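The values are calculated or read from the model by the stated rules, or taken from the named source; none is laboratory data. Not measured: the values here are computed from a predicted model. Don't worry about glycine lacking a Cβ; one is built from the backbone with ideal geometry, like all the others, and counts go over all protein chains shown. Each accessible area value is taken on the protein alone, full model and side chains, heavy atoms only, with ligands, DNA and RNA left out. Shrake-Rupley method; radii C 1.70, N 1.55, O 1.52, S 1.80 Å.
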Amino acid sequence: MKLVQDLPEIFEEFGEKKREAFLEIKEYKDKGIPVIGMYCAYFPTELAMAAGAIPVGLCSFSNETITAAERDLPKSMCPLVKSSYGFAISDRCPFFHFADLVIGETTCDGKKKMYELMAEFKPVHVMELPNSQSERGLAFWKSEIIRTKEYLEEFFHMVITEEMIRDAVHLNNQIRTSLKNLCEVMKLDPVPVRGEDIQKMVQGSKYRFDFATTPGVVKEVIDKIMTEYRQGKHLEKRPRILVTGCPIGGDSLKVIRAIEDNGGVVVAIENCSGVRTLGSPVEEDCEDIYEAIARKYLSTGCSIMTPNDNRIDLIGEIIEEYHVDGVVEMILTGCHATGAESVYIRKFVTEEKHLPYIAIDTDYSTADQGQIATRLTAFLEMIQPGTEKCIDINYCYKIVLAGLTEQKSGKEILEEIWKYTHIPVGIKAGEQEVEDWIGISREEAEQENNKRMEYKLSEKNGVVMAVVPDDVSKENVEELLELLAKSYHMRENSRETEEREIPDYMWIMAEESKDLIHIGQELAKQIGEKKIIAGLKLRQMQDNELFLSGMEGKEARNCVIDICRKSMTDVDGKVIIGNGFPDCEKKEENRQLQWQVMNIASRQKQKESVMLVENYYHELAIDCISEHLGQEKVYMEELEILKEEDRKTGKELYETLYWYLRMKRNVAQTAARLRIHRNTLLPRIARINELLDLDEKDGMECEGILLAMEIEKLKND
């Protein structure tokens, strides 16, 4: 592609790239280069590239072929599936026509049935996806990737070497990185271009078959955008919208157009091929390249996965990084997985991120364009930039009360307030000589004197402060400062009582003495710099034992923990930090207890380098009980029955029973802990009942079984 001078022409050229590729694909076929068609982001295109084939996305985003598909498929089926099948059955997609092979995948039920029908007139290879993004799922997906690689070798009569795979991974990572950098220009505020233009480039780049030149071409476009932006060429300030949900393109771009034609701008798209997917490369410098490929593609945040926590994490990251003002979820009619999952997305966006959310149910027809435009116009009017943002003071109360209950420091509470309100807040209390600010530097706060508000504390010269943002009313900020002042007084009034209850001695123990020496040196250095641990005294009792006295409450312990964690960064050893005790006469007893916990943690092969004693109370209790009970007293015949069943069937009934009892026989929590669907769990529980009559047992009997399993688990560890 030759880079033209005008950005709109560049975007249109990328937008038309798919049409140009219709002609190019025949040229590749005439040269004897194979073509592999695909529909889903789960297919690792590196496999096709390593085989010397052209991987190409098949036509699937148009209403024009729905009628042809409905001759075979139900009208109630997802329009994406009907459009895909309609293009194939009517032979109206040149990519499908020239494809030597179609790669399918077991995502939704509609696609699986489509591939069965499609296989009657086109070679189709279906990759079987796991249902969850667990380690077991990863192992299975890796085996499917290797199976597909072997299938391609047999189909095209060639050998795909690991070097070929790694070369394809490297090139694909370069393409992803360039497109990620392109998407990230939308982090600018105001934005430089429309979101539809970025989407045209991302979609159009998939049809540039000269893969090696794509990163360079995209970089030139980014440079052009940034040059014009520095010259003042950009859109006016608009509500910044994240579009999430089903795959978007072709006729469904009407949702993006409706947002941007009515005053908003789409700064990011989160779906199976969205911005976060581009930001997740395949790890190149790993020993097992197939596992790295499997890990990258399995992390796709698709609603067919259960649970799909990864998607929530991705949306949260986008909201923060792209400064999103509102979320629009596009759900294709008949896409049951995305429709059901929208419940979680709405709750996350509105209750955790406190942003407006709207779901748009649609298909590929034009019939609902007016309705969509009306709904989105009203949605955008709620969040027009320039209007004052209302801070929910009741939610701020929840943050403060939770912080006080959990004995968080004043600074930690202010940080939580900042995360929610984005109002820079600060405090100067007691004998503090300088102000402590969250969300803004002290120097910046001094420059914003005309926007500062203060609320006096009861003590001399004490104040809580805030810098009033442009989009928040002074009344809202005044309410917030009054709340923070009250919380400070509550915390100070209870400090004396709290300090009497919090122990002032503590052990730190390490597997290797060199780690403890490093920690001791860092603690000694920080004692002189941090007021909270100014009274701390260190005594090294053994090469790998450090005894601390003069602790001043939870904040001092948290400070010590932070210092230990920083000291142990990039270190393979392990240290364990005690939870403190008030009576020095208990020093030796506490020392022995802590070493016991260290041994438990070592047996469990924990990955963390800094461990806290309180995280092992459950295991410690089981360890103590195990020492006082002989194995013959806690052995239960029922457990052997389950083990024998597992050996015969591989159903993992023993592990299922363990977590079922740990979760107090709660089906939903057990399924979540095992990372399986409840419909997978229920037959297991039914079989356990057949073998053990579990539901006939009372709570005490179940606790006894769980205790026996805990002791056995501990001994096996």
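Which ³J(HN,Hα) values, rounded to whole Hz and listed in residue order, are derived for region 178-193 from phi using the Karplus coefficients 6.51, -1.76 and 1.60 in 6.51 cos²θ - 1.76 cosθ + 1.60 with θ = phi - 60°, glycine and proline given as x?
5, 6, 4, 4, 5, 4, 6, 5, 6, 6, 5, 9, x, 6, x, 9
Provide 507, 595 ordered by accessible surface of protein heavy atoms (probe 1.4 Å), highest first.
595, 507
Can you list residues whose amide H is under 5 Å from residue 93's amide H, if they're 5+ apart or on another chain and H is modeled 1.01 Å from N?
Counting only residues 5 or more places away or on other chains, the set is empty.
In debye to the nearest 20, how big a dipole does the chain give about its Cα centre with +1 on each Lys and Arg Cβ and -1 on each Asp and Glu Cβ?
Rounded to the nearest 20 debye, it is 1200 debye.
From the helices alone, meaning DSSP H stretches of at least four residues, give me the mean residue ellipticity at 222 nm for the chain, per-run term -39500 (n - 2.57), in deg cm²/dmol to the nearest 500.
About -16500 deg cm²/dmol.
Based on C-alpha coordinates, I'd like the Rg and Dmax of region 514-607, in Å.
That works out to 13.3, 38 Å for Rg and Dmax.
List the pairs from 605/697; 531/566; 411/566; 113/347 whose alpha-carbon separation is above 30 Å, in the order I gave them.
605/697; 113/347
What is the local net charge at residue 234, summed over the other residues whose Cβ is closer than 12 Å to its Cβ (Lys, Arg +1; Asp, Glu -1)?
Computed value for this residue: +2.
At a probe radius of 1.4 Å, what is the per-residue accessible area of residue 305, in Å² to the nearest 10?
Roll a 1.4 Å probe over it and residue 305 shows about 10 Å².
Which of the lysines could a cross-linker bridge to residue 29, judged by Cα under 17 Å and excluding same-chain residues fewer than eight apart?
List returned: 18, 122.
At a Cα cut-off below 17 Å, give the aspartates and glutamates reachable from residue 398, other chains included and same-chain residues fewer than 8 away excluded.
351, 352, 406, 412, 415, 416, 479, 482
How large is ³J(HN,Hα) for each residue in region 52-57, as worked out from phi by the Karplus curve 6.51 cos²θ - 1.76 cosθ + 1.60 (θ = phi - 60°), to whole Hz, x for Gly and Pro?
Coupling constants for region 52-57: x, 9, 8, x, 9, x Hz.
Using only protein heavy atoms and a 1.4 Å probe, report how much of residue 517 is accessible, in Å² to the nearest 10.
80
Could you order 284, 352, 196 so the one with the most accessible surface comes first? Probe is 1.4 Å.
352, 284, 196
Given that compact globular proteins tend to follow 2.2 N^0.38 Å, what is the ratio of the alpha-carbon Rg of the chain to that value?
The chain yields a ratio of 1.13.
Keeping all protein chains in position, work out how much accessible area residue 377 exposes to a 1.4 Å probe, and write it in Å² to the nearest 10.
Here the residue's solvent-accessible area equals roughly 40 Å².
Give me the angle, in degrees from 0 to 90, between the Cα long axis of helix 554-567 and the longest principal axis of the Cα atoms of the chain, rounded to the nearest 10.
60
Given a 1.4 Å probe and heavy atoms of the protein chains only, how would you sort 141, 659, largest accessible area at the top?
Result of the area sort, largest leading: 659, 141.
Assign one of three labels to region 71-140, namely rounded, prolate or oblate, based on the Cα gyration tensor with a ≥ b ≥ c the square roots of its eigenvalues; rounded applies when a/c is under 1.5, prolate when it is not and a/b is larger than b/c, and oblate otherwise.
oblate
Under 12 Å from the Cβ of residue 87, count the other residues' Cβ atoms, weight Lys and Arg +1, Asp and Glu -1, and hand me the total.
Its environment carries a net charge of +1.
For a protection proxy built on the mean count of beta-carbon atoms within 10 angstrom, sort 231-237, 681-687, 333-339 highest first, please.
The most tightly packed comes first, giving 333-339, 681-687, 231-237.
Taking region 51-196 on its own, what percent of its Cα-Cα pair distances exceed 26 Å?
44
What angle do you read, to the nearest 10 degrees and between 0 and 90, between the alpha-carbon axis of helix 109-118 and the longest principal axis of the chain?
Value to nearest ten degrees: 30.
By the scheme Lys and Arg +1, Asp and Glu -1, what is the net charge of all other residues having a beta-carbon under 12 Å from that of residue 292?
-4
Which ³J(HN,Hα) values in Hz, rounded to whole numbers, follow from the phi angles of region 703-711 under the Karplus curve 6.51 cos²θ - 1.76 cosθ + 1.60, where θ = phi - 60° and Gly and Pro get x?
The phi angles translate into 4, x, 5, 4, 4, 4, 5, 4, 5 Hz.
Quick check: the angle from helix 369-381's long axis to the longest principal axis of the chain, C-alpha only, nearest 10 degrees?
Between helix and principal axis, roughly 30 degrees.
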